[in-house]
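Heads up, the thing below is written out as structure tokens.
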Amino acid sequence: MGKRHGRHIHLGLWLTFLDAADWRNPDSRAEELNSLAPYVEVAEIGERAKLDALIRGDGLGLPLPSPDQAYAGSLEILTLLAALAARTEKIGLIGTASTTFTEPYNLARTLATLDHISNGRVGWNIVTSVAGEEQFGYDQIPGHEERYERADEFIEVVSKLWASWESDAVLVDRENGVFFDPKKINRIDHHGKHFHVAGPLNIARPPQGRPVFVQAGDSDRGRNFAAEHAELVFTAQRDLEKAQAFYRDVKERVKRQGRDESRVSILPGLVVTIGATEAEARELHDQFLARIDYERTRTSLEALLGGIDLSDIDLDEQVPEERLPEAATLTRQPGRAQIFVDLAKEKGATLRQLLQALGTAHGHGRVFGTPRQVADHIERWAEAGAADGFAISPAQGLAGARLFADEVVPILQDRGVFRREYTGSTLRDHFGLWPVS
Ligand SMILES: Cc1cc2nc3c(=O)[nH]c(=O)nc-3n(C[C@H](O)[C@H](O)[C@H](O)COP(=O)(O)O)c2cc1C
């Protein structure tokens, strides 16, 4: 197969080394959860394979503390990316930050700083958050629409702040003692419903103009937000047909906004298990499933589906339809909940299958197989108009990341669908995005 529409597939690598279910393995390196070293290893693996970016989510709070949950707390992502910026040269660095529980001025400053010290490699995964209200003085989480409304204004404010320094404001004219031209640094005087910000920002315009805008939200409102702002879209898709429909729908919405849809990349998450043979991969995948803590995962599923009770349902029974919520009416994660409602209703999934989908991949797609089979899967979805690439999450921790980089990526390179070398140095370059003027 040749290049897809003359363009390459994009690959992000999930910035983690420890699968929650894996930590009790003797070689898991669980003690290093909050150390820099394993994350540097992931970053180096990704950069050696010429991947587009490292990607990581982030949350605010510990929703279900339980003594066996290794992943309960971990490093704050933007701080971690600052450290990785110093240890890498080309790979993009995409971190998650909430528009609901941060303020535009602080976040604009942090992301501008990251973009400066990484020489233009930062992407911001813009989320409206599914939890965190208890940490920030709210009685309850602001409603879905309200969160997106604040997010729209948030984007407006940070964009104005990043543009508050014109690109030629910094002169460093030693002879005349002129460091910068004050006429090229402007107040923004933003007064809106949610924010009052005078500006200008207290740091020069970032090298990329602003970080690459990444969006992860699957609901109707989330898709409109993506259509308006996003340059990359993360999504959880398990089923090829649904992924194609999502892809078409988001690109169509982008077009309706008057934007060039070919400049918006859609990357579903993909949890990957690689074996030397198909049988070995299946065995590893089965082990992966066997490690699920069904009791705890059921509690998470109940919460995701709006607090329903599934405690009386046998693992091999289906969830009765009348128990399932109308996902679109949920406040926290209607988009993600929809995946599980569809699985139950349309595919007749048993409770066990729902818990496996949540516990192993949080609703994302999964693939297991030989390196060739994994490469085939990636290429098939891209060819079928279901994805511009994937956010890869190796099921086998660091070893899995290495296998992906060393065994799968070369196959995609040989087929001409993935880069052999970086052709640029910013995240915008990697994704073929327009510069921000
Ligand atoms: C693929 C994907 C990844 C997400 N990652 C995060 C995350 O890391 N942190 C977070 O607070 N929310 C995350 N979210 C949720 C977003 O906060 C989103 O705003 C929320 O799901 C509500 O919007 P929605 O109903 O449009 O999906 C993610 C959502 C999706 C679909």
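The values are calculated or read from the model by the stated rules, or taken from the named source; none is laboratory data. Since we're looking at a predicted model, the values are computed, not measured. Methodologically, a virtual Cβ is constructed for each residue, glycine included, from the backbone with ideal geometry; neighbour enumeration extends over all protein chains shown.
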Failed criterion for Gly137 (all others in (1) within 20 Å of Tyr105 (Cα to Cα); (2) at pLDDT below 95; (3) part of a helix (DSSP H, G or I) hold):
(3)
Search result, residues across region 402-429 that are among the charged types (D, E, K, R) and surrounded by fewer than 22 Cβ atoms within 10 Å (Cβ to Cβ):
Arg402, Asp406, Glu407, Asp414, Arg415, Arg419, Arg420, Glu421, Asp429
Collect the residues in region 266-309 that are without any contact (Cβ under 8 Å) to a residue 60 or more places away in the chain and acidic (Asp, Glu), keeping them in residue-number order.
Glu280, Glu283, Asp286, Glu295, Glu302, Asp309
Among the numbered conditions (1) closer than 28 Å to Tyr105 by Cα; (2) touching a strand residue (DSSP E or B) at 6+ places or on another chain (Cβ under 8 Å); (3) in contact (Cβ under 8 Å) with a residue 12 or more places away in the chain, tell me where His196 comes up short.
(3)
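Within the group Thr96, Thr128, which residue is of a type in the set (S, T, N, Q) and more than 16 Å from Glu231 (Cα to Cα)?
Just a single option satisfies the conditions, and that option is Thr128.
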When region 360-386 is checked residue by residue, the ones that are over 14 Å from Ala236 (Cβ atoms) and assigned to a helix (DSSP H, G or I) are Pro371, Arg372, Gln373, Val374, Ala375, Asp376, His377, Ile378, Glu379, Arg380, Ala382, Glu383
Taking region 380-401 and keeping residues surrounded by fewer than 19 Cβ atoms within 10 Å (Cβ to Cβ) and at pLDDT 95 or above leaves Arg380, Glu383, Ala384, Gly385
Only one residue in Val214, Val130, Val172, Val158 is within 16 Å of the ligand (Cβ to nearest atom) and at pLDDT 95 or above, so which one is that?
Val214
Can you pull out the residues in region 254-280 that are among the small types (Gly, Ala, Ser), at pLDDT 95 or above and within 30 Å of Val214 (Cβ to Cβ)?
Gly258, Ser265, Gly269
Quick one: Arg150 ticks every box in (1) part of a helix (DSSP H, G or I); (2) away from the ligand (no atom under 16 Å from the Cβ); (3) basic (Lys, Arg); (4) out of contact with any Leu (no Cβ under 8 Å at 6 or more places or on another chain) except a single one, so which number is it?
(2)
Picking from Asp220, Asp249, Asp286, which residue would you name as being surrounded by fewer than 22 Cβ atoms within 10 Å (Cβ to Cβ), within 16 Å of the ligand (Cβ to nearest atom) and modelled with pLDDT under 95?
Asp220
Only residues in region 1-18 that are among the basic types (Lys, Arg) and modelled with pLDDT under 80 count as the first member; pair them with residues that are surrounded by fewer than 22 Cβ atoms within 10 Å (Cβ to Cβ) and part of a loop (DSSP other than H, G, I, E, B), Cβ under 7 angstrom, at least 6 apart or cross-chain, and list the lot.
Lys3/Gly416; Lys3/Val417; Arg4/Val417
Unique match (being crowded, with 22+ Cβ neighbours inside 10 Å, within 24 Å of Leu351 (Cβ to Cβ) and within 12 Å of the ligand (Cβ to nearest atom)) among Leu267, Leu232, Leu304:
Leu304
Of the numbered conditions (1) assigned to a helix (DSSP H, G or I); (2) within 30 Å of Asp406 (Cα to Cα), Arg336 fails exactly one; give the number of that condition.
(2)
Positions within region 344-366 being under 22 Å from Ala245 (Cβ atoms), buried (at least 20 other Cβ atoms within 10 Å of the Cβ) and away from the ligand (no atom under 15 Å from the Cβ), in sequence order:
Ala344, Leu354
For Thr297: the one exception among (1) within 16 Å of the ligand (Cβ to nearest atom); (2) in contact with a Gly (Cβ under 6 Å, 6 or more places away or on another chain); (3) over 30 Å from Val408 (Cα atoms):
(1)
